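Worksheet: one structure, shown below.
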């Protein structure tokens, strides 16, 4: 009888604790949302890298990631988003310093990021690409090809996936040139200051298409490079807000509105829907 009473008390205690924690999480989410509603907008970090993110001539923000974030926050009762352009390497520190409410910038999930931020479920998926001189005179089809050619220099966003992939493939630090933005990368390539510029496939295609420069061509996808997915990134102490974001994101995916937002930019809704944060962070951690 005593054991049965102890078990009953333990079960009731666990139920009470779970209920209390659920109440705390709900309250935390409500508080975070109330603060954003009162603010009237969510502050997001972007990289101005079409088609992931873009700042138009009039200063307005577009691109697949901000458009999804805007739709989700709107459904959460937050009227709009206000973007700040940031280098990839500065996004998470800025988020942690509370300069942004979220990062919606094609910030692909990888080990240190999954540990540092609370990602939403996947939003945008893409592979890697190279922009290089027409005819690919150095025969560069992979990051290893760049490492093996002692004269080849690669340009990549500072703190971005491409910089890491190049270094991991064995490209010496002095031959990995940090590029502040896409247009600078293209200009450096045209001037011969780098031999290849690397970004996700859709970003490179958009950049090269806009340039309409016959001396530049695209190699895609990069051989041996993985396919990545991003998600909206929140602070680790804002998981309740992230969970609320996920609920509305799931509704957009189910209704078909998600596909209507991202597919005109060239992204696959099916790719994002077919995987999960749990799978991607588990793969990234290996």
A careful count of residues in the stretch 112-163 that are part of a helix (DSSP H, G or I) and surrounded by 23 or more Cβ atoms within 10 Å (Cβ to Cβ) gives 5
Just one of the numbered conditions (1) in a helix (DSSP H, G or I); (2) in contact with a helix residue (DSSP H, G or I) (Cβ under 8 Å, 6 or more places away or on another chain); (3) within 22 Å of residue 88 (Cβ to Cβ) is not true of residue 244; which one?
(3)
Across the stretch 72-90, which residue is surrounded by the fewest Cβ atoms within 10 Å (Cβ to Cβ) among those that are closer than 15 Å to residue 231 by Cβ and at pLDDT 95 or above?
73
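Kindly establish whether residue 199 is within 30 Å of residue 253 (Cβ to Cβ) and either modelled with pLDDT of 95 or more or not in a helix (DSSP H, G or I) (or both). Working first, answer last.
Working: within 30 Å of residue 253 (Cβ to Cβ): yes; either modelled with pLDDT of 95 or more or not in a helix (DSSP H, G or I) (or both): yes.
Here the answer is yes, as residue 199 does meet what is asked.
Which of the residues that make up the stretch 55-91 are outside any loop (DSSP other than H, G, I, E, B), free of Cβ contacts under 8 Å to residues at least 24 places away in the same chain and over 15 Å from residue 124 (Cβ atoms)?
Filtering the stretch 55-91 for residues outside any loop (DSSP other than H, G, I, E, B) gives 55, 61-62, 64-75, 80-85, 88-91.
Pick out the ones that are also free of Cβ contacts under 8 Å to residues at least 24 places away in the same chain and you get 61-62, 70, 74.
61, 74, listed by residue number.
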Looking at (1) within 27 Å of residue 115 (Cβ to Cβ); (2) in contact (Cβ under 8 Å) with a residue 40 or more places away in the chain, which one does residue 220 not meet, given that it meets all the others?
(1)
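Looking only at residues that are outside any loop (DSSP other than H, G, I, E, B), surrounded by fewer than 23 Cβ atoms within 10 Å (Cβ to Cβ) and touching a residue at least 12 places away in the same chain (Cβ under 8 Å) in the stretch 166-175, which one is farthest from the chain's Cα centre (by Cα)?
Filtering the stretch 166-175 down to residues outside any loop (DSSP other than H, G, I, E, B) leaves 166-168, 173-175.
Narrowing further to those that are surrounded by fewer than 23 Cβ atoms within 10 Å (Cβ to Cβ): 167-168, 173-175.
If we keep only those that are touching a residue at least 12 places away in the same chain (Cβ under 8 Å) as well, we get 168, 175.
On the way: 168: 20, 175: 25 Å.
Of everything passing the filter in the stretch 166-175, 175 is farthest from the chain's Cα centre (by Cα).
Quick grid of which residues meet (1) buried (at least 16 other Cβ atoms within 10 Å of the Cβ); (2) within 30 Å of residue 32 (Cα to Cα):
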| position | (1), (2) |
| --- | --- |
| 205 | yes, no |
| 209 | no, no |
| 237 | no, yes |
| 254 | no, yes |
| 270 | no, no |
| 274 | no, yes |
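The values are calculated or read from the model by the stated rules, or taken from the named source; none is laboratory data. Keep in mind the model is a prediction, meaning the values are calculated, not measured. Neighbour counts run over all protein chains shown; Cβ positions are idealised from the backbone, glycine included.
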